[in-house]
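Encoded as C-alpha cells, the structure appears first; notes follow it.
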Amino acid sequence: MKKRDQLEPQPTEPVVLSRSEHPLSRKMIDQDTIKVLYRLYRNGFKAYLVGGGVRDLLLGRTPKDFDVGTDATPNQVRKLFRNCFLVGRRFRLAHIRFGPDRLVEVATFRRQADKEELPDCPQERSFASENVFGTPQEDAFRRDFTINALFYDISDFSIVDYVGGLRDLQEKKIRVIGDPMVRFEEDPVRMLRALEFSARLGFEVEASALQAIGKQAHLLAGAAPARLREELMELFRHKVAGPVLRQANETGLLDHLFPDYSVDENSLRLIERIDRRTASGVPVTEAIMLASLYLSKFRDGLKKSPDLDFAGAMHLANALLEPHRAHYHIAHGIRHQAREMLLGIFRFNRGRGRRGEKRFLHHPATPGAFELLQLWSEVSGEEKDMVAAWKDVVPEPGKSKEKQAERPAGSNRSRRRRRRQRPPKKEPTPTK
Ligand code: ATP
Ligand code: MG
C-alpha cells in the first residue's frame, strides 16, 4: 500500500490505487456482482463496487453483501437486465435477481441534497437527501464514513478514494465525511452507526465525531423509528450490541434511543452474553433482544412486589415492553414472545411444585425463558439455586416438549396416550 501522505486526497483529485497497489482481486467478489459490473461497463456506463464490500475486502474480511454504483439511471439499468426490479419509494434502486435468494443492488450515483431542498420534517429528511443523481465524487461525499466511501472500478480494477478512506483504513479510524455536527444533524442514525462500525472493526471513532455525538445525542429521539429498529437489530446480528450499547450509554446516546429506558451493568452484561451466544451460532431474535433489554427492570419490579400474582406480573411486563413496541412499531407477536420469556422467569421465581407446573413446562416459551434465566444467572451471579431447581425438568430448546417435560425418567407411557393428554393446539395461552 501507499504511504500515508500519498493517501491524502486533494480537494478535486481522488487517490487512485492501481491494481498492483492494492490486494482486492475479482476472485474475492461474487460472480453475480461481477456479471452486473461488466454488463454495465460494456454498455458504456461507469460501474463501481461501492460501500461496505470494498471496505471489508481491503480489510481481509468477508463482506455481508456487495453493492454496485453506476452512472446509469435506474431505467437504463432495468433495460440491461431481464431479472431486474426497481424498488424504493423515493430513491429508485435496481435489484437484479439471481435465483430465489440472491440479488445484487445497483444504485445510481447520487449527491447530498442542498439544505433548502430538504423538507422540515426530520423523519423525511434522510430520504429526501438521497434523492438527487450526482457524480461519483458527489456520491462518495454523501456517504457516512470515509471507510464506507471507497470505490472499486471494474474498468481498470483500481480503487478510487475521494475522501481519505484508504488512510483511515490504515489508521483504523471511523471518520465522518464532512463536519460531524452537520452530518449527525442531517441523519442522527449515523451516530449509532459510528459506534457500530467502531465495535465491528475494532476501529477508533475520531475525537471530533465523539464530541459531536455528545452534543447531538438528543437528535436520535427524532430519527425514524423503523431505521433505528433496523440498526438496533444489526447490532445484535453483528454480535456487537453489548459494546455498542455500553458506549452509547457512556456517550449519552442510549438515553435517547429507547423511551424511558435506563440501563444497568447487569443488563449490559446480559446483552454481551447474547452477543457471545450469537457468535456461537445461535441466531438472535428480536424477541430475545427485547426480553434481555427489559429483564433487569422486570426483576427489580418483582423484587419490589414479592406478592405479585400472575396478572400483576403480566401487567409489569406489558408496562416495560409496550412503550418500546409502540415506538418502534414492532409486531404484537414479537412483544408477546418477549413477554412470555419474562413471565417464564416470573414463574421460575415462584418455585417448583406450584399448581399448573406441568402445563408451564409444556409451554413453548418455557425453554427460551429458562435459557434467558441461565444467561442472566451466569452474568449476574444471581439465581443459581433457581437454575439448579429447574434444570432437570425444563426441556432443552428445540427438543420435544413431551419427551423431557412430561416424561420423567423411567416412564413407560405410550406416545399416543401422551399426545391425547396434551391441551388442544391453539394459540399458546399465557401460563400461570
Ligand atoms: P454492512 O452492510 O457490512 O453492515 P455497509 O457499509 O455496507 O456495512 P450499509 O448499511 O449496507 O453498510 O450501507 C451501504 C453504504 O451506504 C455504506 O457503506 C455507506 O456508504 C452508505 N450509507 C449507509 N447508511 C448511510 C447513512 N445513514 N448516511 C450516509 N451514508 C450511508
Ligand atoms: Mg452493506
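The values are calculated or read from the model by the stated rules, or taken from the named source; none is laboratory data. Not measured: the values here are computed from a predicted model. Methodologically, a virtual Cβ is constructed for each residue, glycine included, from the backbone with ideal geometry; neighbour enumeration extends over all protein chains shown. Protein only, heavy atoms only, side chains kept; ligands, DNA and RNA dropped before computing areas. Shrake-Rupley method; radii C 1.70, N 1.55, O 1.52, S 1.80 Å.
Here the peptides 216-226, 237-247 are ranked by packing, the mean other Cβ count within 10 Å, and the order with the highest first is 237-247, 216-226.
Where does helix 265-279 land angle-wise versus the long Cα axis of the chain, in degrees 0 to 90, nearest 10? Taking the Cα atoms of the chain, the angle to 265-279 is about 70 degrees. Round to the nearest 10 and give me the degree value, 0 to 90, for the angle of helix 332-350's Cα axis relative to the longest principal axis of the chain. It works out to around 40 degrees.
Between the C-alpha center of region 94-112 and that of region 246-266 there is a gap of 35 Å.
By average Cβ neighbour count within 10 Å, what is the ranking of 135-145, 382-392 from highest down? Let's see the in-between values first.
On the way: 135-145: 20.2, 382-392: 14.2.
Peptide ranking by packing, descending: 135-145, 382-392.
Phi angles across region 283-291 convert, under the Karplus curve 6.51 cos²θ - 1.76 cosθ + 1.60 with θ = phi - 60°, into 3J(HN,Hα) values of x, 8, 10, 5, 5, 6, 4, 4, 4 Hz, Gly and Pro given as x. Computed over region 286-400, the range of Cα coordinates on each principal axis works out to 39, 33, 29 Å, biggest value leading. Using only side-chain charges placed at the Cβ, +1 for Lys and Arg and -1 for Asp and Glu, the dipole size of the chain relative to its Cα centre rounds to 3200 debye.
Per residue, the accessible area of the chain comes to 48 Å² when a 1.4 Å probe rolls over the protein heavy atoms.
Assign one of three labels to region 6-170, namely rounded, prolate or oblate, based on the Cα gyration tensor with a ≥ b ≥ c the square roots of its eigenvalues; rounded applies when a/c is under 1.5, prolate when it is not and a/b is larger than b/c, and oblate otherwise. Walk me through the numbers before you get to the answer.
On the way: a/c = 1.69, a/b = 1.07, b/c = 1.58.
Judged from the Cα gyration tensor, region 6-170 comes out oblate (a/c at least 1.5, b/c at or above a/b).
Using a cut-off of 29 Å between Cα atoms, the listed pairs Lys64/Lys384; Lys46/Lys239; Lys304/Lys391; Lys64/Lys172; Lys35/Lys64 include Lys64/Lys384; Lys46/Lys239 as exceeding that distance.
Helix 225-237 and the longest principal axis of the C-alpha atoms of the chain enclose an angle of approximately 80°. Descending by average beta-carbon neighbour count within 10 Å, the peptides 183-189, 335-341 line up as 335-341, 183-189, the highest first. Pair-distance distribution P(r) for the chain, from all Cα-Cα distances in 20 Å bins starting at 0: 22, 46, 26, 5, 0 percent. Taking a ≥ b ≥ c as the square roots of the eigenvalues of the Cα gyration tensor, an a/c ratio of 1.5 or more together with a/b larger than b/c marks region 181-335 as prolate.
Can you tell me, using C-alpha contacts under 8 Å and at least 6 residues apart, the relative contact order of region 6-170 as a whole percent? Walk me through the intermediate numbers first.
Values: 307 pairs, mean separation 45.3, N = 165.
Over region 6-170, the number comes to 27 percent.
Restricting the calculation to Cα atoms, region 172-256 yields a radius of gyration followed by a Dmax of 11.5, 30 Å.
The amide H of Leu103, built 1.01 Å from its N in the peptide plane, has Phe98 as neighbours under 5 Å, considering only residues 5 or more places off or on other chains.
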